[in-house]
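The values are calculated or read from the model by the stated rules, or taken from the named source; none is laboratory data. As the structure is a prediction and not an experimental result, all values here were calculated from the model. Glycine gets a Cβ as well: all are built from the backbone with ideal geometry, and neighbour counts include every protein chain shown.
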Amino acid sequence: MVVWVPDWPVNCLVVDLPPGGCGAVTHAECIEIASAAARRCGVRSGMSVRQATYLCPELVCLPRDPDREARAFGAVVDAFDTVAAGVECLRPGLARCRARGPAR
């Protein structure tokens, strides 16, 4: 069994965004990952920050923070561990466990 949170680097930054706000994780003046709200405005991965802010003026661009991503996903892993034993975090945003225990 797998728990996968798409766009985790953006989703873990939700406290920095207004409710329903458009956000993106950037690196070297390029968009790495955009939130669903930003994608609805036309923002895509690989796009320059300048072009993205033109398409979505309210876009909040934040740098990637691997430590914060890992800390925030720890709460998700702990919750997953309450219903399944042997949860293994593969990377922030992706965790797995054996399906045998939870299936019972």
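Things worth noting here:
- Selected residue (criterion: nearest to residue 8 (Cα to Cα)) from residues of the range 28-46 that are surrounded by fewer than 19 Cβ atoms within 10 Å (Cβ to Cβ), touching a strand residue (DSSP E or B) at 6+ places or on another chain (Cβ under 7 Å) and not small (Gly, Ala, Ser): 32
- Selection count where residues are without any contact (Cβ under 8 Å) to a residue 12 or more places away in the chain and either touching a Lys or Arg at 6+ places or on another chain (Cβ under 7 Å) or in a strand (DSSP E or B) (or both), scope the range 78-104: 3
- For the range 52-87, a residue qualifies if it is surrounded by fewer than 14 Cβ atoms within 10 Å (Cβ to Cβ) and of a type in the set (S, T, N, Q), and exactly one does: 82.
- The set of residues in the range 1-14 being outside any loop (DSSP other than H, G, I, E, B) and either more than 23 Å from residue 75 (Cβ to Cβ) or over 12 Å from the mean Cα position of the chain (by Cα) (or both) consists of 2, 3.
Let's see how each residue does on (1) at pLDDT 95 or above; (2) in a strand (DSSP E or B):
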| position | (1), (2) |
| --- | --- |
| 21 | no, no |
| 31 | yes, yes |
| 46 | yes, no |
| 52 | yes, no |
| 61 | no, yes |
| 70 | no, no |
| 76 | no, no |
